[in-house]
Every structure is written in structure tokens, then in C-alpha cells.
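> This is the structure I have questions about; it appears just below.
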Amino acid sequence: MEAQKSQFAIKFLPSLTDFAFLLPIAFLFGRMEGAQTLLGDCDTGWHIRTGDWMVANRLIPTHDFFSFSKPNGVWYAWEWLSDLLFAGLNHVGGLRAVVVLSVLLLCATFTVLFRLTARHSNRVVAIVITVLAVVASSIHWLARPHLFTLLFLVLFFFVCQRVREGCTTFAGIPYFVLLPAATVLWTNLHGGFIIGIVLVGTYGAGEALTVAFSPAAETRRRAARQAAAWIGTAFACLAASLVNPYGWRLHVHLFEYLRDPYASQHIAEFLTISFHHPMAIFFEALLLLSAAAAFWYGSQGRFTESLLLLLFGHAGLLAARNIPLFAIVAAPLVAAAVHAWLMRLPDLQVAGWLRRAGARFNELAAETTATDALPRWHVVSAAGFAMVVALLFAPAPPKRFRAEFDTKSYPTGAIEILRRDASARVFTNDEWGDYLIWRLYPKGKVFVDGRSDFYGDEFENKYIDVLNVKYDWQKTLDSFGVNTILMPPGAPLAGVLKENSRWRNVYEDSVVVVFRSSPRAAGKQASVASFSGGTGRDREVTITSASGQAITGKTQQFRSETQ
């Protein structure tokens, strides 16, 4: 009887799975800026307004309806399904509901990651590596559709590892059928679906390397069969990704996006991370462990693991926005390697104290793993998440639980002026363009916003030339009939406009200066049909010059920085 009571009581106790679920919440609201971190990029605003347009028109967008600079231009709304979901949540509960979904996606992602990591190591090592992955990935935590890609990536990775372990079906359905089916959903939620195809294909490439280098004939034959299955599944996923509103044109668009250098030269989240960033030390630690693990796996002829670590590690070094992808893939593989190293430590020819410490750690880790594996009801996880929801929806929530765009970063004070002037053709930076879409849709139109794939490189370069006050900046503004300019007080363009007789200051606060042109200064509106389509997506901050000056006048930074 006592034993039954004890087992029943254990079900209420927190487990390391609960800890993994609550990790993003603890870090987001304890160390970062909470809801305002997730809303640190106003791309969320135009995603919601896109969903609003779809609800109102019962169509999926194919042409632009946000800008006056490229009216009715061809536009691929890659994340249309996410946009619908965001719009529905915003209609029901405002930005608070969008934040709740974002938090839930992060919690689910890292819970699955911990469970996957724990399958390949003891749970002590698994939770430590999961903490590294959580903190390293926090550099790109934003309430945007890419959070779906993080969840789908860890789910695909979980399935791939299950297949390698010999479990080929779920509820009687082959995993190699479920993966293409899931790709259809992923494709319509976010353009990162290509990562799932690459992941599956990498398993095939790893088996192909085994065929090439294994000395055992039976091993080569088995690897050849597995390589064919993996590569076939990757092609099936690719075919499934054609089930989207734009068909194969979406893939052409993605290809252009991946090969175009514009984003990597001008958009902060596409740049390599600054290793002075507060979160960089966690990325560095995971990267060093991954390098050691890749070498170790390669020495054992486990080429798939080495390829995954090298491929996603390279991607993380190329762009800060890829670091969460790298962290998710690296965590289980690194944890398995660390676990294997620790298990061998007591038998190595090293100092006696080190062997004893290793043996003692392995003993405690095994006991912890056994205890943690007891069934739980995860009451703590549910209570923690419920508390976050309650605080977000409280009448007067604490600062970090206020689901709103930061009034110190966006031109809130200028909105009423713009609403009163239906003739305003506004030039501002792309991030503020996102905010104007959020606040002024459907009446207000913008010159530019965060959809750099829509506007194209030629247009974007002219826009940056205006921000940098190049010699023909006034001519560009005149050609589009711009009669209103919003700039931060410290922006170079704001300084020039204050000294220019053609423009007058009609409003100013600590965040924004509003300039209006004299009636005779307005030029003839240009058609931008000649501007080519672009390739980048979801900018966070545009860098206007090689020196790294941001268009907002701030130094280059990412929204997930801590105070």
C-alpha cells in the first residue's frame, strides 16, 4: 500500500522533461524581455494583416496589397497558412494570443529535443546539452512563422533517428510515408520546409559514404538499400512540397533566395553572429563539442552524424538565423558522443581522481535517469504554462508579459498624423514599414517593408541609397511621389531633411521625426515594373552600409539580446 502511494505521489513531481518544457519560459521571461522579445520584430504585424486580407477576400495572395511603390506586384506569401493562424489568434485574443502560440511552439520544440537527446545519452547529459541548445537558439526567438520550422525540424529528426534504430512505422503507417505527408503541412506554414528535405537527404548521403568506404561487403549492401530508401524519401518530400498555392514557382523563388547575396550583405539576421553577442558563448561551446563529435563519429565510420554536424554547423556560422537549426540537430548527436566519452573515462589511462570522478558521475547519472524515467503527469509543466497565459491576459500584466510592440522602437506618436492624412505617401525604413502595415492596414500603404523578396535587389539598393543620402536621393523620392518621411532623430537622412527647404518638420518626439514636403515638391509616381524580383525574406534590421550601420540608427543587434 505504501509503495502504491509513493508511486502515485511521484506522478505529481517534476521531471527533467518538465524542466525542458519550462526552460524557454524561464529564459524568455527571466533573462530576456519576455513578450517584447518575441515581438521585437514587426514582421509579425504584416503576417497578421496578410491573414486578415485572406479572411476578408477568401483568397491566398498572389499580388501585393501593402505598398504604393509596387502596387499589385507579384508576391509569394510563403507562410500563408501561418498567417491565417496568426490572424485568427489575433482576432480572438490580440497579440497576447500570438505570443501564447509562440511560447507553446518553443516549449514543445525543446521538450521533443530533450526526449530525443535522452534516447542517446543519460538524462543528466541530455538536459545539460538541451540547456546549451535553448540558450544558443534564443538569438532568433521571434513570434514569426519560422518557429514552426524549429518544431518540424526536431520532429523530422526524431523520426529519422527512430528509423535508423529499426522502428519503421507509426500506428501501422510507414514513417517514409508520414514524412512526405508532413512536408505538405510544413511547406504551407513556412519556407523552411527545404531543411526537412535536406535532413532526410543527408541520411541518404551518409549511407552512400558507408557504401563507398566500408570494407565489409554485407555492410555495403545494407547501406546501399538504406541509402536508396532515404534518397527516395527525400525526393518524395520534394514532390510533396509542390502541394502549395504557387506550385514549382515557390521552389524557383527559394532557389533564387538561397543564391542571392543581398540578404547576407544587408540584413542583420542573415549575417554571421558577432562573437561578442551575449549568447555567442553558448553557440561556441556547442560548436566546439560538435567539431569533436564529428571527428569521433567519422573515425567510427558513422558518416551520417558527421555530415549532419558539419552541414548544420556551417549553416550556423553563415547566418545567425541558422543557429537554432544547428542547435537542434547538434544537441542529440553531441549528447550521445559526450555520454560515450564519459562511459569510457573510468577505463582510460588518466589520473586516478579523474577516473573515480567519471565513475561516480556515471553512477549518479544512471540513478537519475532511472528515477526520472518513472511516469509523471507533468502537472508542473501545465501549471507553469497556465501561469504564463494568465499573466499575459492579466488586466495590468508585468512589463515582460505585455504583448505589444515596443513604443521606444516604433513611431507610435506619428500614427494619428498619418491617419488624418489620406494623401500621405510615406517613406520610412523597412522595419517601420512593417509597423505602419500593422497600424494602418487596410487604408495605409507603404514604400517598403520587410518583404525584400518582393521588392527586389534593384529597388532595395535605391532605398538604401536614400537612407544613406546618396546624391540622387531626392530624385528617387520624387519619382515615387513621396510626400512624407518618417525617420529616427539620429538618422543621417533626418539631419539632411532638417536643413532642406523642400521639407518641413511637422512632428518630432524621442523616437521619430515626421517631415512633409511642400506641395510643389511632390514628383510623378513611378512604376516599378522594371525592378527585378528579390530573394530575401523576413528581414529584421537592414544594414545600410558595409560598416554595419542599421537603418534605425542603432548599432547592429538582434532582438533576443538581453539587457
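> Using 5 Å bins from zero, what percent of all Cα-Cα pairs in the stretch 294-406 falls into each bin?
That works out to 2, 9, 11, 10, 10, 14, 14, 12, 8, 5, 3, 1, 0, in percent per bin.
> Show me the ranking of peptides 145-157, 22-34 by mean Cβ neighbours inside 10 Å, starting with the highest.
145-157, 22-34
> A further question on this structure: Between Ala382 and Val177, what FRET efficiency comes out of the Förster formula 1/(1 + (r/R0)^6) with R0 = 35 Å and r the beta carbon distance, rounded to 0.05?
Working from the Cβ atoms, E equals 0.60.
> Which angle between 0 and 90 degrees, to the nearest 10, do you get for helix 175-189 versus the longest principal axis of the chain when only C-alpha atoms count?
Roughly 20 degrees between the two axes.
> Quick one: grab the alpha carbon gyration tensor of the stretch 106-163, order the square roots of its eigenvalues as a ≥ b ≥ c, and give me rounded if a/c is under 1.5, else prolate or oblate depending on whether a/b is larger than b/c.
Oblate, since a/c reaches 1.5 and b/c is not below a/b.
> Which percent of the Cα-Cα distances in the stretch 388-509 go past 20 Å?
50 percent
> Also: From the alpha carbon gyration tensor of the chain, can you work out the equivalent ellipsoid semi-axes (sqrt of 5 times each eigenvalue) and give them in Å, largest to smallest?
Equivalent ellipsoid of the chain: 46, 27, 22 Å, largest first.
> Then there is this: Where Rh denotes the Kirkwood radius from the mean inverse Cα pair distance, what is Rg over Rh for the stretch 346-440?
Across the stretch 346-440, the Cα-based Rg/Rh ratio is 1.41.
> Which values of log₁₀ I(q)/I(0), to two decimal places, follow from the Debye formula for the stretch 111-256 at q = 0.09, 0.13, 0.21 Å⁻¹ with a uniform point scatterer at every Cα?
-0.33, -0.69, -1.30
> A further question on this structure: How large is Rg/Rh for the stretch 180-297, to two decimals, with Cα atoms and a Kirkwood Rh?
Expressed as Rg/Rh, it is 1.07.
> Now for a separate question. Could you state the angle between the C-alpha long axis of helix 457-467 and the longest principal axis of the C-alpha atoms of the chain, as a value from 0 to 90 degrees rounded to the nearest 10?
60 degrees
> Would you mind calculating the relative contact order of the chain from Cα pairs under 8 angstrom and at least 6 residues apart, reporting the percent as a whole number?
22 percent
> While we're here: Any idea how many Lys pairs in the stretch 392-476 come in under 27 angstrom at the alpha carbon, given 8 or more places apart or on separate chains?
10
> Rounding to the nearest 10 and keeping the result within 0 to 90°, find how far the Cα-based axis of helix 146-164 lies from the longest principal axis of the chain.
In the chain, helix 146-164 runs at an angle near 20 degrees to the longest axis.
> Then there's this: Can you tell me the Rg and Dmax of the stretch 16-153, counting just the alpha carbons, in angstroms?
17.4, 57
> A further question follows. For the peptides 461-470, 443-452, what is the packing order when you average, over each peptide's residues, the other Cβ atoms within 10 Å and list the highest mean first?
In descending order of packing, they fall as 443-452, 461-470.
No value in this document is a laboratory result; all are computed from the given coordinates. Everything numeric here is computed off the predicted structure, so don't read it as measured data. Neighbour counts are summed over all protein chains in view; Cβ atoms, including those assigned to glycine, are modelled from backbone coordinates with ideal geometry.
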